[in-house]
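Some notes on the structure that comes next.
The values are calculated or read from the model by the stated rules, or taken from the named source; none is laboratory data. Please read all numbers here as calculations on a predicted model, not as lab measurements. All Cβ positions, even for glycine, are placed from backbone atoms using ideal geometry, and neighbour counts span all protein chains on display.
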Amino acid sequence: MSDQALQLRYLTDGDSVNVDDAALLLGAFLGEERDVVLSAGLQFPTSLALAGRACYSPDILTFGSADNLVDLEARVEIRFAKRLVGFAGQRWFEMDLLMTQERELPNELFAGIRWELQ
């Protein structure tokens, strides 16, 4: 990591999206190479959370044989215990190749368990 990055996080209640008793989390990250990452989450007091992530790299910043790159993820999380979280969701990954080809990589469903150390 470098010292030339910017990250913003915003936390508010769910009233701004008409959801009672929830927390809304919004985030943005701008990296040294001008990578852009956007994230959003909606957490309920029932240990249930909806989360999303979006990454975009325009053609001027994407190297190699790719031009535009888009990586999107949406998932549901549920807390089973203080440090144990289960999750499931879907990931969409797409990029444009040079020579004006568009390549859509496999859309994936995923599921897993995360153990938190804190």
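Please give the number of the condition A88 fails out of (1) among the aliphatic types (A, V, I, L, M); (2) outside any strand (DSSP E or B); (3) at pLDDT 90 or above.
Here A88 clears every test but (2).
Looking at region 91-113 only, could you name the residues that are among the aliphatic types (A, V, I, L, M), over 19 Å from Y56 (Cα atoms) and at pLDDT 70 or above?
Of everything in region 91-113, those that are among the aliphatic types (A, V, I, L, M), over 19 Å from Y56 (Cα atoms) and at pLDDT 70 or above turn out to be L109, A111, I113.
Where residues in region 23-54 are loosely packed, with under 14 Cβ neighbours inside 10 Å and at negative phi, which of them is modelled with the highest pLDDT?
Looking at residues that are loosely packed, with under 14 Cβ neighbours inside 10 Å and at negative phi, I get L48.
Test E77 against the stated conditions and say whether it is charged (D, E, K, R), at pLDDT below 85 and either exposed (fewer than 14 other Cβ atoms within 10 Å of the Cβ) or at negative phi (or both).
For E77, the condition - charged (D, E, K, R), at pLDDT below 85 and either exposed (fewer than 14 other Cβ atoms within 10 Å of the Cβ) or at negative phi (or both) - is not met.
Scan region 55-70 and give yes if some residue there is assigned to a strand (DSSP E or B) and either at pLDDT 80 or above or surrounded by fewer than 12 Cβ atoms within 10 Å (Cβ to Cβ) (or both), otherwise no.
No, every residue in region 55-70 fails to be assigned to a strand (DSSP E or B) and either at pLDDT 80 or above or surrounded by fewer than 12 Cβ atoms within 10 Å (Cβ to Cβ) (or both).
Six or more apart or on different chains, Cβ atoms under 9 Å: show the pairs whose first residue is in region 106-117 and in contact (Cβ under 8 Å) with a residue 12 or more places away in the chain and assigned to a strand (DSSP E or B) and whose second is surrounded by 11 or more Cβ atoms within 10 Å (Cβ to Cβ) and β-branched (V, I, T).
I113/V85; R114/V85; W115/V85
Quick check, is D20 surrounded by fewer than 12 Cβ atoms within 10 Å (Cβ to Cβ), at pLDDT 75 or above and either part of a loop (DSSP other than H, G, I, E, B) or of a type in the set (D, E) (or both)?
When the stated conditions are applied, D20 passes them.
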